[in-house]
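The values are calculated or read from the model by the stated rules, or taken from the named source; none is laboratory data. Nothing here was measured: the structure is a model prediction, and the numbers come from that model. Quick reminder, even Gly has a Cβ in these numbers, built from the backbone with ideal geometry, and neighbours come from all protein chains shown. The area values use the complete protein model at the heavy-atom level, side chains included, leaving out ligands, DNA and RNA. Shrake-Rupley method; radii C 1.70, N 1.55, O 1.52, S 1.80 Å.
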Amino acid sequence: MSVSAPVLAQTSTTSGRDDAFTLGQIIVTAPTESTPTISSTTLDADAMQLFQRNSLDDAVNLMPGVSSSNSGGSRNERLINVRGFDRYQVPLSIDGIRVYLPADGRLDYGRFLTGDIAQVQVAKGYASVLDGPGAMGGAINLVTRKPSQPIEAEARGTLNLGREAEYAGYNVFALLGTRQDKWYAQASYTRNFTDHWDLPGSYEPSAGSAEDGGHRDFSRTEDWRVNAKLGFTPNATDEYSLSYTRQEGAKNAPLHITDSAASQRNWSWPYWNIDSIYFLSTTALGDLATLKTRVYRNSFDNLLRAFDDASQTTQTRPRAFNSYYADKAWGGSAQLDVDVSEADRFNVAAHYRRDKHVEWQESFANGIGTTEPKQTSIEETYSIAAENRLAFNPALALTAGVSFDWRNLTRAEDYASNALIEYPLHNGQALNGQAQLVWTPDPATSLHAGISSRARFPTIFERFSSRFGGATSSPDLKAERATNYEIGGARDFGPLHAEAAVFYSHLNDVIVAFPTIFNQQPVTQSRNLGSGNYYGGEIALTATLGDTLSLGGNYTYTHRDIDDPTNTAFQPTGVPTHKAFIWADWAPLDGLHILPNADIASDRWTVNTAGTRYYRTGAYFQANISVNYEVYRGVVIGAGARNLFDDYYVLTDGFPEPGRSFFLSFAYKY
């Protein structure tokens, strides 16, 4: 592994990296750059490794327009927002195959490791309709590695240390692959273990606090992922690949630092597992057409355990339970690309997915466990899409697309009052449209303007969950919709590369919790009563100042307004108004790279546990440094620190972020 400076580059529809699995990419449209590392829509493995970003939520925080946060509460989930849109509105895929939890959509991005990822693609606002349904506010795609050499072997490891340089965990990665004339094969393994992380030294527990400082209680996590693929390349145009990915996770949940211990939920997840096997192909049909296919089977298995108290040793009280999820999905897609003429390219795509969600719960009273019958929901989602790209001349092109999505709910069961019940079945449909104009007057300049109107269907949780008795069902809940506008551009000014964009999104049919009476009890019901507007801007700069110094950074401004007629005090939480990332790469000696960098954010809205008080919190300046030295060809050792100044900040009510930490690292690449 050679150590190189990160490059803030223009984005492209395909990767400049030889090791990116191109069959698994989605469409992100912009001018092409040969080796993008950090850009407005693409994040490469180089940057994730250099800045020690081992989980997805931490990695995408390097990018403009993307921010990470913490769910708070008892779930301990790491979140990602793209220009203000959340995990329900921005689908996540691995190699173009969507990772979807049909029950509640509550993806925990901290469970997704980056060791075997060649590239993270982020489509903001304008996500091509060809890539499938649900991309109301954008899309995130993880592109796995693919071998590019006859023999590839790689190993990396990081030892994580706490505030006092004590052992805090580790991260390891290993890969072995081969690329031959007609075929390739690869297998990789990555693992991340967190024994604990430390609160900042300035944290002072209040009277009765559930957290006494130092090692953050219940911060232990463990995750691993294996990825294997076998590919066949019979000629220069065709490729067929069979891939398998499995990741397993286990985590605990830190407690709120000011809520009383008796009022808190003591939850843990012994397993949070995702499994996927998928076949991807591209086949040239003569000189003018290409057929791309994807077929997959996914599964998600999860256990949530609720205990009597913080000792997590007994389950005897009514609040204790074991909740099981066992989900399976089957699906596929086909896309046909046709060159109608030298200036006109027409694409059509069809998607199908069948989700089967099974859940059941084991409850405890007086130490006696009772298990519910399994409850099953089955849903099928379809999408057909067409897109056309017309080049008016070599510098100006218009892309326009339309899609129609529909969903059939064939089974929806629940368990209540000691009986298995079946909810009314309601289907949904949505029409989507978009267009984008790109002008490239010269190789150093690109401008674009786009509009995209996309919808996303509500989850089973939003339609049917009783929320521990506080809600009633809403079977006919409609899709949310956002209409996104963007104007942007990129230009090289000698050694300086600049990108900028302004964006505006109007949201309607936003799902809110409407207060109502059901069975003479006050509850809430999900209804499409909200509306809102998001707007802001991004700018990203990078400069190469001679052979030994590179500088870069990006800044994002995001403003969000959501009108919730059921709650006049409501504020959209979790996204900072101002966010930035800055870095420098200094190479004073051959093989030595010193990389100071900083994550910066203003405050953001959060709400207390009771939901009665909204306030702003979370401003931080997190200074970091990495030092890497290539001691021998392909062998790199490193050291560094995160949150050097031990800054204390809270992104969501009652849940402080980690304080100062250190790391030691090594990397070997054959």
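List of remarks:
- Summary value for segment 473-621: 16 percent relative contact order, contacts being C-alpha pairs under 8 angstrom separated by 6+ residues.
- Per-residue extension of 0.36 nm, minus the Cα-Cα distance of Thr258 and Ala419, leaves a gain of 54.1 nm for this segment.
- Computed from point charges on the beta carbon alone (+1 for Lys and Arg, -1 for Asp and Glu), the dipole magnitude for segment 235-346 about its Cα centre is near 780 Debye.
- Separation of alpha-carbon centers, segment 337-403 and segment 588-664, rounded to whole Å: 35
- Given charges at Cβ of Lys, Arg, Asp, Glu: segment 73-202 dipole, positive-most of Leu101, Trp183, Gly132: Gly132
- Projecting the Cα atoms of Ala365, Pro200, Asn76 onto the charge dipole of the chain, computed from C-beta unit charges around the Cα centre, puts Ala365 farthest toward the positive end.
- Taking the average, over residues, of other Cβ atoms within 10 Å as the packing measure, peptides 309-316, 47-54 rank 47-54, 309-316 from highest down.
- Residues of segment 108-148 with amide N under 11 Å of a point placed 7 Å along Cα→Cβ from Ala155: none
- Taking every protein chain into account, the 1.4 Å probe leaves Ser209 with about 30 Å² of accessible area, to the nearest ten.
- Percentage of interatomic Cα-Cα distances in segment 252-409 larger than 21 Å: 65
- In Å², nearest 10: area of Glu413 left accessible to a 1.4 Å probe: 20
- Protein-only accessible surface at a 1.4 angstrom probe places the residues Lys478, Lys328 in the order Lys478, Lys328, largest first.
- Sulfur and carbon atoms: percent of accessible area, the chain [1.4 Å]: 57
- Evaluated with a Cβ-only charge set (Lys, Arg +1; Asp, Glu -1), the chain carries a dipole of roughly 920 debye about its Cα centre, given to the nearest 20.
- Leading residue at positive end of dipole, segment 475-576 (Cβ point charges), from His559, Gly532, Ile511: Ile511
- Label positions at Val627 and Thr237, each projected 7 Å from the Cα along the C-beta direction, are separated by 5.5 nm.
- Mean-position separation - Cα centroids, segment 462-487 and segment 220-259, in angstrom: 29
- Estimated FRET transfer efficiency when R0 is 25 angstrom, pair Asn366-Asn519 (beta carbons, to 0.05): 0.40
- Looking at the chain, the accessible area is 40 square angstrom per residue; that uses a 1.4 Å probe and ignores ligands, DNA and RNA.
- When peptides 348-358, 450-460, 281-291 are ranked by their average number of other Cβ atoms within 10 Å per residue, the highest-first order is 450-460, 348-358, 281-291.
- Global form of segment 484-534, assessed from the alpha-carbon gyration tensor, a/c cut-off 1.5: prolate
- Once the chain from Ala207 to Leu336 is taken as fully extended at 0.36 nm per residue, the excess over their C-alpha distance is 40.0 nm.
- Partner lysines for Lys669 [C-alpha distance under 25 Å; skip if fewer than 8 residues away on the same chain]: Lys146, Lys182, Lys229
- Stretching the chain fully between Phe346 and Leu230 yields a gain of 38.7 nm (0.36 nm per residue, less the alpha carbon separation).
- Structure-based [θ]222 nm, the chain - -39500 (n - 2.57) summed over DSSP H runs of at least 4, per residue, nearest 500: -500 deg cm²/dmol
- Cα centre as origin, Lys/Arg/Asp/Glu Cβ charges: segment 175-273 dipole, Debye: 500
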